[in-house]
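The structure appears below as structure tokens.
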Amino acid sequence: MANKINVLKGTKDILPQDIEMWHFVEENALKVFSSFGVKEIRTPIIESTDLFQRGVGETTDIVNKEMYTFEKSERSITLRPENTAGVVRSYIENGMHRLPAPVKLWYKGPMFRYERPQAGRQRQFHQVGVEMFGVAQPAADAEIILMAENFLKSIGLDELDVEINSLGCPKCRAQFKENLKNVIRPYLNDLCEDCQSRFEKNPLRLLDCKVPTCQEIFAKPEIQEVITSNFLCEECTQHYEQLKNYLNELNVKYSENKHLVRGLDYYTRTVFEIKSNNLGSQNAVCGGGRYDNLVEELGGESTPAIGFAMGMERLISLLKEKEPSKIDGFVVSNNTTEALKLAQELRLQGFNIEIDLSNKKFTKQLEKASKVANFALILGEDEINNNKVSVKNLVTGEQVTVDKGNIRQSLMV
Ligand code: HAM
């Protein structure tokens, strides 16, 4: 026998027994996002590598360590590790700034990050996300968080924790970064390797380091004093306060987390995450925030924007398993031609119908019908001769014989 070929590490098949959960999540995404006037966009899975280098940022783990990048015809191409940069590229390239603001787009699909696989973390995973362009006011931030929450509630997830923070604008953040570096510098040699290498280029990321020895250092009073200080300028403070007012008015429960900094470089002002207690260490189901400079940085006109993305595998792992749904009818007959014809007629009327294709014994066919269908449509010799069908309700056991033309009513109950 030839060697078996297995699925790649960090990737998974989504099998037929699980697909209904995916459909359920995707259908609710369409419904809830449409209720906010958001339209779906589908961008390519491959993009120019520069898009992510410039968009996501050279100092991030995603760009430094995790991208699937390859050369083709002397171009460097990358499998998208996230989709904000791709949607921004499309927004600019398709002149969407000319549309009335806000332009609201949602997407779903696979993303690729070369990370160490573990529970809740894959190398190919799926996101559903929303991006909103053209509104700087905090009402957009409130609406985006509300949209994330409405969607999560629509799929039955209402016990999740919303955390928010403001990273300020590049101006007020610069001073904060300096203050942070100054208090942390004396402990630099005691920090983990990642923190040491991030210290100069991206000191904010130190705040979400999970290594216990680093956390101990960051808990020191003089460091906490800087972390918890209000470094936001007047405008950023007002923006953040107004967002909190809106969330309070909307009864969105949230907590503020000064350590919430997010792992992508493009954020300005509001950042947020939605977390679950039931997911172990990879507990974020949703991450998002404002990125007011990204459109301009990627060659478009200066346009404020905000969005979020959710990991679909993580969402689905939190949902209760569903019984796979059954088809409407299974034709039970030893006359394959008549069975094929009846099934086709009913499918054209909108029913989901299967038949036995290998002429098994009647009893075997009935057994199969009771596993997969709500009704058995029995076509014995008598029925065929009289142009009738016996319709057996496989839940109640009730059976009626009806004219072929009248099956519709019997299947509708
Ligand atoms: P992110 O925090 O990198 O943000 O990813 C968003 C969500 O995707 C995470 O909260 C998590 O649920 C899921 N996720 C990320 N990596 C993995 C993985 N390796 N395996 C399984 N699930 C994963 C972004 O991607 C931003 N583009 C979000 C955004 C949109 N910000 C503004 N607009």
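The values are calculated or read from the model by the stated rules, or taken from the named source; none is laboratory data. Computed from a predicted structure; not experimentally measured. Glycine also receives a Cβ, built like all others from the backbone with ideal geometry; neighbour counts cover every protein chain displayed. The area values use the complete protein model at the heavy-atom level, side chains included, leaving out ligands, DNA and RNA. Shrake-Rupley method; radii C 1.70, N 1.55, O 1.52, S 1.80 Å.
Observations, loosely collected:
- Single unsatisfied condition, GLY299 versus (1) touching a residue at least 24 places away in the same chain (Cβ under 8 Å); (2) touching a helix residue (DSSP H, G or I) at 6+ places or on another chain (Cβ under 8 Å); (3) open to solvent by less than 10 Å² (accessible area, probe 1.4 Å); (4) not acidic (Asp, Glu): (3)
- Scan of the range 119-143 for residues that are more than 16 Å from GLY288 (Cα to Cα) and near the ligand (Cβ under 9 Å from one of its atoms), ordered by number: GLY120, ARG121, GLN122, ARG123, GLN124, PHE125
- Hits in the range 341-360 (condition: more than 20 Å from GLN409 (Cβ to Cβ), open to solvent by 90 Å² or more (accessible area, probe 1.4 Å) and not basic (Lys, Arg)): LEU357
- Yes/no for ILE316 being at pLDDT 95 or above, of a type outside the set (Ser, Thr, Tyr) and within 16 Å of the ligand (Cβ to nearest atom): yes
- The number of residues in the range 207-244 being open to solvent by 70 Å² or more (accessible area, probe 1.4 Å), assigned to a helix (DSSP H, G or I) and of a type in the set (D, E, K, R) comes to 6.
Let's see how each residue does on (1) closer than 19 Å to GLN344 by Cβ; (2) open to solvent by 20 Å² or more (accessible area, probe 1.4 Å):
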residue: PHE362; (1), (2): no, yes
residue: ALA373; (1), (2): yes, no
residue: ILE378; (1), (2): yes, no
residue: LYS388; (1), (2): yes, yes
residue: VAL395; (1), (2): no, yes
residue: GLN399; (1), (2): no, yes
residue: VAL402; (1), (2): yes, yes
residue: LEU411; (1), (2): yes, no
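- Entry remark, the range 245-285: residues being within 10 Å of the ligand (Cβ to nearest atom) and assigned to a loop (DSSP other than H, G, I, E, B) number 9 in total.
The rows are residues; the columns are (1) touching a Lys or Arg at 6+ places or on another chain (Cβ under 9 Å); (2) aromatic (Phe, Trp, Tyr); (3) at pLDDT 95 or above.
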| site | (1), (2), (3) |
| --- | --- |
| ASN6 | no, no, yes |
| ASP18 | no, no, no |
| PHE24 | yes, yes, yes |
| PHE33 | yes, yes, yes |
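- Residues of the range 84-91 include none that is over 22 Å from GLU297 (Cα atoms) and surrounded by fewer than 20 Cβ atoms within 10 Å (Cβ to Cβ).
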